[in-house]
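Below is one structure, written out as structure tokens, with a few remarks after it.
The values are calculated or read from the model by the stated rules, or taken from the named source; none is laboratory data. Just so it is clear, the model here is predicted, and its values are computed rather than measured. For neighbour counting, all protein chains shown are included, and Cβ atoms are generated from backbone atoms with ideal geometry for every residue, glycine included.
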């Protein structure tokens, strides 16, 4: 399975996140999966790639040309395949199209955007792939509470809230993805249903 991992590119985050995401990458590879990611060498992007490489897995990086040309980000040099795109939108589209499932690890604005985009596309029935959030050190607890509030106040349906799941371990995430069964729920139920 090709698993897309969205996560931080920051080189200034605590080592506890780095270790957890490296372990996720290694387990992902050892369980026979390949990685699709944003091609960065630092932060949690670099961590997951190093873990997959250590586990002997295949790595597909996707990066806009201007990142390379303008030095926006250091690219991970251990990729088996790199796809260069013109824009950030094309980068996301490529990762979304290639991936069979998504894992969201701790990150910032870009990671939040990627999560909400794949969630929105799932709500609109443009895909029916697993979305898992790796809640390392309770990083996403506030997001979970916020999404519960949004659901309670009926800005999204409960079925929408059920389109993704939170996990505190790499093994639980991979078990979920490997056992995931698409629901084929029509967008009408996700957008306006109960």
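The residues in segment 138-159 that are over 15 Å from residue 105 (Cβ atoms) and in contact (Cβ under 8 Å) with a residue 40 or more places away in the chain can be counted, and the count is 0.
Would you confirm, using the coordinates I've provided, whether residue 87 is closer than 20 Å to residue 64 by Cβ and at pLDDT below 95? Walk me through it before giving the result.
Values: closer than 20 Å to residue 64 by Cβ: yes; at pLDDT below 95: yes.
So residue 87 passes the test.
Could you count how many residues in segment 48-74 are touching a helix residue (DSSP H, G or I) at 6+ places or on another chain (Cβ under 6 Å) and either crowded, with 20+ Cβ neighbours inside 10 Å or outside any helix (DSSP H, G or I) (or both)? Looking only at that region, the number is 10.
Determine if segment 122-137 includes at least one residue that is over 10 Å from the mean Cα position of the chain (by Cα), closer than 16 Å to residue 89 by Cα and in contact (Cβ under 8 Å) with a residue 60 or more places away in the chain. The answer is no, given that none of the residues of segment 122-137 is over 10 Å from the mean Cα position of the chain (by Cα), closer than 16 Å to residue 89 by Cα and in contact (Cβ under 8 Å) with a residue 60 or more places away in the chain. The number of residues in segment 142-162 that are within 17 Å of the chain's Cα centre (by Cα) and modelled with pLDDT of 90 or more comes to 2.
Looking at segment 4-35, which of the residues that are in a helix (DSSP H, G or I) and without any contact (Cβ under 8 Å) to a residue 60 or more places away in the chain is surrounded by the fewest Cβ atoms within 10 Å (Cβ to Cβ)?
Of everything passing the filter in segment 4-35, 15 is surrounded by the fewest Cβ atoms within 10 Å (Cβ to Cβ).
What number of residues within segment 93-114 satisfy the criterion of being outside any loop (DSSP other than H, G, I, E, B) and crowded, with 21+ Cβ neighbours inside 10 Å?
Qualifying residue count for the region: 7.
On inspection, residue 118 qualifies as within 13 Å of the chain's Cα centre (by Cα), modelled with pLDDT of 95 or more and either over 28 Å from residue 151 (Cβ atoms) or surrounded by 19 or more Cβ atoms within 10 Å (Cβ to Cβ) (or both). For segment 122-143, the tally of residues that are surrounded by 15 or more Cβ atoms within 10 Å (Cβ to Cβ) and assigned to a helix (DSSP H, G or I) stands at 4. Could you please let me know if residue 178 is part of a helix (DSSP H, G or I), in contact (Cβ under 8 Å) with a residue 24 or more places away in the chain and touching a helix residue (DSSP H, G or I) at 6+ places or on another chain (Cβ under 7 Å)? So residue 178 does not fit the description; no.
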